[in-house]
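**Student:** Got a structure here, written out as structure tokens. Questions coming.
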Amino acid sequence: MEESSDSLSMVSFNQGIANFVGLSQLKLTSNKIEYLSPEIGKLTRLKMLWLSQNSLRQVPVEIGQLTKLEGLFLNHNFLEFLPYTVGRLIHIKNLRFVR
């Protein structure tokens, strides 16, 4: 199952995120997302998460709960650092974090 969103011009992605616990891939690139809810941590089946080209300034520590994650794409946001919990992503094969 894949949920994708293109150019929604969102400011936040948070409401109802826990309803998508079965997702393995989530593409939210090229939006205006400024805030990512800590509920992202409930998507424990995610293997790929695309959040590139948004307006994120931080990533919640709950990202570390996504222990099946293999790809995390955070390019072209306003991030200065990643939370320490990224170290829990033991299956990560592709981590992109370029301002």
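The values are calculated or read from the model by the stated rules, or taken from the named source; none is laboratory data. Computed from a predicted model, the values in this text were never measured in an experiment. So basically every Cβ, Gly included, is an ideal-geometry build from the backbone, and we count neighbours across all protein chains shown.
**Student:** Need a quick list: strands (runs of 3 or more DSSP E) entirely within segment 13-99 having at least 3 residues that are not polar (S, T, N, Q). Write out each step before concluding.
**Tutor:** Working: elements: 25-27, 48-50, 71-73, 94-96.
Here the list reads 48-50, 71-73.
**Student:** Considering only segment 47-62, state which residues are of a type in the set (S, T, N, Q) and more than 10 Å from F73 (Cβ to Cβ). Before the answer, list the steps.
**Tutor:** So the first thing to find is which residues in segment 47-62 are of a type in the set (S, T, N, Q), and the list is 52-55, 58.
Once the filter is applied, which keeps residues that are of a type in the set (S, T, N, Q) and more than 10 Å from F73 (Cβ to Cβ), segment 47-62 yields N54, S55, Q58.
**Student:** Restricting the search to segment 71-99, which residues are within 12 Å of the chain's Cα centre (by Cα) and more than 19 Å from S30 (Cα to Cα)?
**Tutor:** Scanning segment 71-99 gives L82, V86.
**Student:** Name the residues in segment 1-23 that are of a type in the set (S, T, N, Q), modelled with pLDDT of 60 or more and within 19 Å of V59 (Cα to Cα), would you?
**Tutor:** Listed by number, the residues that qualify are S12, N14, Q15.
**Student:** Here's a follow-up. Looking at H91 and the list (1) surrounded by fewer than 16 Cβ atoms within 10 Å (Cβ to Cβ); (2) touching a Gly at 6+ places or on another chain (Cβ under 8 Å); (3) touching a residue at least 24 places away in the same chain (Cβ under 8 Å), which single condition is not satisfied?
**Tutor:** With respect to (1) surrounded by fewer than 16 Cβ atoms within 10 Å (Cβ to Cβ); (2) touching a Gly at 6+ places or on another chain (Cβ under 8 Å); (3) touching a residue at least 24 places away in the same chain (Cβ under 8 Å), H91 is out only on (2).
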